[in-house]
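Novice: What follows is a structure written as structure tokens; I'll ask about it next.
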Amino acid sequence: MASWIGHQAALKIAGAANERFALDGLPFPTRPLYRGNPAWFLPIVGRWYRFRDALDRRAA
Amino acid sequence: MGASTGFAANAPSGKLGCMTDGLLAPGFRAQPYWWEAAEPASRAPHALPARVSVAVVGGGYAGLSAALTLARLGHQALVLDAERIGWGASSRNGGMVSGGLKVARGPLERTLGPARAAEVARACGASFPFIEELIAREEIDCDYRRSGRFVGAWAAGHYAKLEQNVARIAEISGQPARMVPEAAQRAFLGSDHYRGGMFAEGTGGLHPAKYARGLAAAAERAGATLASPVRVAGAAPEGAGFRLHTSAGEVRADAVLLATNGYSHGGPSPWLARRLLPVGSYIIATEELDPGLVARLFPGGRMISDTKRVLNYFRPSPDGRRVLWGGRASFGPITAEAAAPRLHAMMVDVFPELAPARLTHAWTGNVAFTFDYLPHIGVEGGRTTRPAARAAASRWRAGSGIRRP
């Protein structure tokens, strides 16, 4: 996928795209106060994900 | 996927805890197994050109592929990477070519509406024929095989969700995809760990570091210039273009492409960094095993991943002698040595036969998530009337990334 994305970005810069690429120019969201380093909240997300995985398996 | 800023390599630590006693094979290395065959090459430093048409920041798959295309279209492309070309996730991921599988499994309709969702899914699915054609056209020697992917359902509810998406995955990839009930999963995986799963044929496996090396060589053959290690501190608009400040001096460019993905934090674009969540992924490689055992665990040599939120992805090595096992061993930064016993335990959960298998390699690298789980290209800050575009490319997870990556 990365190779494809890079190819499409190159076509865009070169003005050589034959048709619009669906992943071009979509709203690109961020979050308030987020500056690019998720180290402080990733462990919380991780614990939540592990909990949800365990729950799903038990529900099966 | 990208290369390079703000990532600290895990230096081998001198002392290993008792948890790892007996687990690591003699000669264990805390670096990618892939580097044994294709370690990213150092490039002799040389003076940067004063002016180029496009400066590409980040020498991973995205940046190299962009440089190749730009060079083929007659543009002078310069790729700059703060580490060696291909040093990041491009030479660390699991080597799984997913063909848009992950995006197609995501909640597209809900977030984009049905019409836009179909467009996006098609755009992602087109990545699969693209990479197959690219490998063939550029004759990239990277052990590529259209192996197919088995996605194991961690829970019965996950199986039902896969079933809802299987027709769309087949349609998007243009290749068959089908459900595999639990009773039949031994045809795809030598384990009863999952509640059945899905098999998608429009997916493959390759040697990621050989692919990165081959893509870099193809870009150079086409006329692109690759420079590393060169760190880009900033790219300021100037006239109709940009002036880049780098550790090797200044460069002027008509356009700048940022392809730094999981290594964007601390790079030239705080705007891009704010939109990407770098997350470490971890992989281990076993010592050489009995090829008969590897063939029993991976019938048909498929790529395997599962539906857990804390994902596992695993595969045989291209030579069929080892098992490579990747996962999110930790959500905080830990060393590859610390991750190794955790991944080994996850592997033994699925393949009890591998309990005695020792590890020769463990490594880590960054993937990046976006907040909408989609890959993006676009112009920084949104629309612009400037003729000189500053485009930002990023992708959703390293898919093959290092969850491939």
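Novice: Applying the selection to region B:323-338, what residues are within 24 Å of B:Ala153 (Cα to Cα) and either assigned to a strand (DSSP E or B) or out of contact with any Lys or Arg (no Cβ under 6 Å at 6 or more places or on another chain) (or both)? Write out each step before concluding.
Specialist: Taking region B:323-338 as the starting set, the residues that turn out to be within 24 Å of B:Ala153 (Cα to Cα) are B:323-331.
Listed by number, the residues that qualify are B:Val323, B:Leu324, B:Trp325, B:Gly326, B:Gly327, B:Arg328, B:Ser330, B:Phe331.
Novice: If you go through region A:1-48 one residue at a time, how many are among the hydroxyl-bearing types (Ser, Thr, Tyr), part of a loop (DSSP other than H, G, I, E, B) and either more than 7 Å from every other protein chain (Cβ to nearest Cβ) or surrounded by 20 or more Cβ atoms within 10 Å (Cβ to Cβ) (or both)?
Specialist: So the count comes out to 0.
Novice: Do you know which residues across region B:162-181 are part of a helix (DSSP H, G or I) and more than 15 Å from B:Gly204 (Cα to Cα)?
Specialist: Passing the criteria: B:Leu162, B:Glu163, B:Gln164, B:Asn165, B:Val166, B:Ala167, B:Arg168, B:Glu171, B:Ile172.
Novice: Still on this structure, I have one more. Taking the criterion of being closer than 21 Å to B:Leu206 by Cβ, at pLDDT below 95, buried (at least 21 other Cβ atoms within 10 Å of the Cβ) and under 17 Å from the mean Cα position of the chain (by Cα), would at least one residue in region B:320-327 satisfy it?
Specialist: yes
Novice: Then there's this: Checking B:Asp349 against (1) away from chain A (no Cβ under 14 Å); (2) out of contact with any Gly (no Cβ under 9 Å at 6 or more places or on another chain); (3) at pLDDT 95 or above, which single condition isn't satisfied?
Specialist: (1)
Novice: OK, next. Identify all residues within region B:246-264 that are more than 10 Å from every other protein chain (Cβ to nearest Cβ) and not aromatic (Phe, Trp, Tyr); write none if there are none.
Specialist: Looking only at region B:246-264, we keep the residues that are more than 10 Å from every other protein chain (Cβ to nearest Cβ), and these are B:246-253, B:260, B:262-263.
Answer for region B:246-264, where residues must be more than 10 Å from every other protein chain (Cβ to nearest Cβ) and not aromatic (Phe, Trp, Tyr): B:Thr246, B:Ser247, B:Ala248, B:Gly249, B:Glu250, B:Val251, B:Arg252, B:Ala253, B:Thr260, B:Gly262.
Novice: Looking at region B:76-126 only, could you name the residues that are more than 20 Å from the chain's Cα centre (by Cα), over 28 Å from A:Pro27 (Cβ atoms) and crowded, with 22+ Cβ neighbours inside 10 Å?
Specialist: Answer for region B:76-126, where residues must be more than 20 Å from the chain's Cα centre (by Cα), over 28 Å from A:Pro27 (Cβ atoms) and crowded, with 22+ Cβ neighbours inside 10 Å: B:Ala77, B:Leu78.
Novice: Would you mention how many residues in region B:358-377 are assigned to a loop (DSSP other than H, G, I, E, B) and under 20 Å from B:Gly88 (Cα atoms)?
Specialist: Total satisfying the criteria: 1.
Novice: Can you name every residue in region B:265-295 that is assigned to a helix (DSSP H, G or I), more than 10 Å from every other protein chain (Cβ to nearest Cβ) and free of Cβ contacts under 8 Å to residues at least 60 places away in the same chain?
Specialist: B:Pro291, B:Gly292, B:Val294, B:Ala295, listed by residue number.
The values are calculated or read from the model by the stated rules, or taken from the named source; none is laboratory data. Please read all numbers here as calculations on a predicted model, not as lab measurements. Here the Cβ is made from the backbone with ideal geometry for all residues, glycine too, and neighbour counts use every protein chain on show.
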